[in-house]
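Have a look at the structure below, then the notes.
The values are calculated or read from the model by the stated rules, or taken from the named source; none is laboratory data. Just so we're clear, the structure is a prediction, and the values are computed from it rather than from any experiment. Neighbour counts are summed over all protein chains in view; Cβ atoms, including those assigned to glycine, are modelled from backbone coordinates with ideal geometry. All accessible areas refer to the heavy atoms of the entire protein, side chains included, with ligands and DNA or RNA removed. Shrake-Rupley method; radii C 1.70, N 1.55, O 1.52, S 1.80 Å.
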Amino acid sequence: MWKKIIIVFASILILTGLGFLLFPPISNFIGNQIANSEADKFDTIVENVVDNGKSYEDALKDKEIDEEGYPVDTDGNRTSDTPVYYKKDLDRLLKDSREYNENLKENQSSLLVDEYAYSVPSLNLKNYGIYNGIYGYVSAPTINMRLPIYLGANNANMSYGAAHLTYTSLPIGGDTTNTVLAGHTGYVGRIFFDNLRNLKIGDTVTLHNYWGSLDYRVTETKVCLENETQDVFLKEGKDLLTMITCISDGHGGFNRYYVICERK
């Protein structure tokens, strides 16, 4: 009797141990698949943007889509698992994004007053018929990274991908811009910016948005204290991409790891 109990108990311990060993790689694999799926969906949406003079509001009024932008039949049933985006809305988003970036050239230092300023989205994407909250995605082939970009560096967005820091440039490139993205490291079940430290000088990082792709070259990596934020600001004449994640300071706290990239 006791022998059977010991065998069962030992089996449970072995299975539990295997579970702890297998959980991280399996959950990270699933997390990567989810991130790649979001990037693939984004590419599909961009390839199928509707250019018929209509906007999201027009199509909704004509009952061609539901409130989340999915195409529907005459009975209101979804006919696709991919939402429809309209060129008219995306043209307006691009115009507003450019204006936002231009405004930063004069006012960024007065807007970035504290860490909470980063968290409220720069633009409300729902105003442009975009209900999944994704502005684009960032990719880096050398570290097998493809992550959706969400506007606003708040906890909710950072739980799903790379978060754009509000009052830094929106990811459309241009003279005197600096798009700053923050991502988690060590987040259970998802690899976000965990491999950022494996990027090397010269590696390519690409921003994908609704209007094309922008290639950047890694020019610098550095570790900074939490309050050393000079690299989130614009640099005159530069087109920059800056990625930030946490790194242990060796004393129970965290510093910030920066990867700074310049447009090719």
Assess whether Ser122 counts as being open to solvent by less than 80 Å² (accessible area, probe 1.4 Å), in contact with a Ser or Thr (Cβ under 9 Å, 6 or more places away or on another chain) and part of a loop (DSSP other than H, G, I, E, B).
yes
Give Asn103, Asn127, Asn52 a once-over and let me know the one that is surrounded by fewer than 20 Cβ atoms within 10 Å (Cβ to Cβ), at pLDDT 95 or above and under 21 Å from the mean Cα position of the chain (by Cα).
Asn127
Please state which of the following conditions Ala162 fails to meet, knowing it meets all the rest: (1) in contact with a Pro (Cβ under 8 Å, 6 or more places away or on another chain); (2) surrounded by fewer than 21 Cβ atoms within 10 Å (Cβ to Cβ); (3) among the small types (Gly, Ala, Ser).
(2)
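With a cut-off of at least 2 residues that are farther than 14 Å from Ala140 by Cα, over 18 Å from the mean Cα position of the chain (by Cα) and of a type in the set (Phe, Trp, Tyr), name the strands (runs of 3 or more DSSP E) lying wholly within the range 171-264. Break it down into steps so the answer makes sense when it comes.
Working: elements: 177-182, 204-209, 212-224, 239-248, 254-263.
Qualifying strands (runs of 3 or more DSSP E): none found.
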Looking across the range 148-159 at residues that are at pLDDT below 95 and hydrophobic (A, V, I, L, M, F, W, C), the single one that is most open to solvent (accessible area, probe 1.4 Å) is Ala156
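In the range 136-170, what residues are assigned to a strand (DSSP E or B), touching a Leu at 6+ places or on another chain (Cβ under 7 Å), hydrophobic (A, V, I, L, M, F, W, C) and farther than 16 Å from Leu123 by Cβ?
Correct list: Val138, Ala140, Ala162.
Yes/no per residue for (1) touching an Asp or Glu at 6+ places or on another chain (Cβ under 9 Å); (2) farther than 23 Å from Asn103 by Cβ; (3) of a type outside the set (S, T, N, Q):
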position	(1), (2), (3)
Leu125	no, no, yes
Ile130	yes, no, yes
Gly136	no, no, yes
Ala140	yes, yes, yes
Ala153	yes, no, yes
Tyr160	yes, yes, yes
Can you name the residue in the range 172-230 that is modelled with pLDDT of 95 or more and in contact with a His (Cβ under 9 Å, 6 or more places away or on another chain) and, of all such residues, is most open to solvent (accessible area, probe 1.4 Å)?
Leu214
Unmet requirement for Thr142, which otherwise passes all of (1) within 21 Å of Val259 (Cα to Cα); (2) out of contact with any His (no Cβ under 7 Å at 6 or more places or on another chain); (3) open to solvent by less than 10 Å² (accessible area, probe 1.4 Å); (4) in contact (Cβ under 8 Å) with a residue 60 or more places away in the chain:
(3)
Mind listing just one residue for me: the one in the range 64-84 that is in a loop (DSSP other than H, G, I, E, B) and touching a strand residue (DSSP E or B) at 6+ places or on another chain (Cβ under 7 Å) and, of those, most open to solvent (accessible area, probe 1.4 Å)?
Thr79
